[in-house]
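Novice: If you scroll down you'll find the structure; I have some questions about it.
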Ligand code: ADP
Ligand code: ADP
């Protein structure tokens, strides 16, 4: 079965219908860009898939296990163990050096500090950040900070990585570079990737593009991603 499966997702905010019945399956290893104009429901969809937001109706299942059957504590464990998150700029802990930002993710799952720090160092090096381990987020460029965020999202071996406008604060060239790193690293790790973006240049890095309008999926197309061209 699919790694991630959403059926009939509905979410209201007062009189606003953010999601009006969304079905979406994401296969293991697949990369999906969720596109659409501002206010179309992209972030709400991502937050429901990620178990951050509980839909009013419908179900989300991760590898066949329904998130709605879990309480908030169990959903939080799923987010830490089975999901990785890359958000727009500013998500790293500003007081901590890069290596501690990355090591914190496995430490929260019980990995001893020393082992987590060694693993974090290997992740930073593999993402081209050798020598930057001791820098705080404010001492890194925007692109370097997003590479740290990618390392933090992948270090725990997630089944799905969620990215919400991961290049939103970056210039075009740096954004393309971050997308290359994000899609390559996710693919090599065998994780699925769901990226919310309004930028077609970002979506081009994904093998599938889903278009959302007024809380519904209006288009769903597969195309060879940028990496394969
Ligand atoms: P997108 O990510 O495509 O910009 P969102 O999912 O953020 O769209 O929002 C979809 C709709 O739901 C919009 O009309 C937005 O204003 C509304 N909405 C989203 N979150 C909230 C909230 N917490 N409270 C009230 N309305 C919200
Ligand atoms: P926005 O979509 O408004 O820019 P974010 O994408 O930064 O906001 O965060 C959206 C939601 O995701 C918030 O409720 C936030 O608490 C939650 N969140 C942010 N980072 C993480 C994370 N690493 N793990 C779980 N939830 C997160």
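Computed from the coordinates by the stated procedures, all read-outs in this text should not be read as laboratory data. Bear in mind the structure is a predicted one, so any value in this text is a computation, not a measurement. Heads up, the Cβs are rebuilt from the backbone with ideal geometry, glycines too, and the neighbour counts pull from every protein chain shown.
Novice: What residues from region 83-103 fall in the zone where the backbone N is under 17 Å from a label point 7 Å along the Cα-to-C-beta line of residue 109?
Specialist: Of the residues in region 83-103, 83-86, 100-103 have backbone N under 17 Å from the label point off residue 109.
Novice: Report the per residue volume, in Å³, of the convex hull enclosing the C-alpha atoms of region 82-130.
Specialist: On the way: hull volume 4.4 nm³, N = 49.
Residue-normalised Cα hull volume stands at 91 Å³.
Novice: Now, a different point. For a bin width of 10 Å, list the pair-distance distribution of the chain built from all Cα-Cα distances, rounded to whole %.
Specialist: Cα pair-distance distribution for the chain, in percent: 8, 34, 36, 19, 3, 0.
Novice: Between 71, 177, 23, find the one with the highest GNM mean-square fluctuation for the chain; connect C-alpha pairs within less than 10 Å.
Specialist: Comparing 71, 177, 23 in a Gaussian network model of the chain, the most mobile one is 71.
Novice: If you scale each eigenvalue of the Cα gyration tensor by 5 and take the root, what three semi-axes come out for region 92-196, rounded to whole angstrom and sorted largest first?
Specialist: Each semi-axis is √(5λ); the values are 20, 17, 11 Å.
Novice: Measuring from a point 7 Å past the Cα of residue 10 along Cα-to-C-beta, which residues in region 64-93 have an amide N at less than 18 Å?
Specialist: 68
Novice: If you don't mind, another one. Helix 72-82 sits at what angle to the longest principal axis of the chain, using alpha carbons and giving 0 to 90 degrees rounded to 10?
Specialist: 60
Novice: Go ahead and run the numbers for FRET between residue 224 and residue 173, Cβ-Cβ distance against an R0 of 22 Å, rounding to 0.05. List each step's numbers first, then the result.
Specialist: Numbers: r = 22 Å, r/R0 = 1.01.
Approximately 0.50, to the nearest 0.05.
Novice: Using helices alone, what [θ] at 222 nm do you get for the chain, with -39,500 (n - 2.57) per DSSP H run of 4 or more residues, divided over all residues and rounded to the nearest 500? Present the calculation step by step, with values, prior to reporting the outcome.
Specialist: Numbers: 7 runs with 79 residues, N = 229.
Only helices count here, giving -10500 deg cm²/dmol.
Novice: Choose one answer from 210, 86, 194: the residue with the largest mean-square fluctuation in a GNM of the chain with alpha-carbon springs under 10 Å.
Specialist: Taking springs between Cα atoms under 10 Å, the residue moving most is 210.
Novice: Please check: in the Gaussian network model of the chain (C-alpha springs, under 10 Å), which one of 181, 218, 22 has the largest mean-square fluctuation.
Specialist: 218
Novice: Take the alpha-carbon centre of region 23-43, take the same for region 90-164, and report the distance between them in whole Å.
Specialist: With region 23-43 and region 90-164 each reduced to a Cα centre, they are spaced 25 Å.
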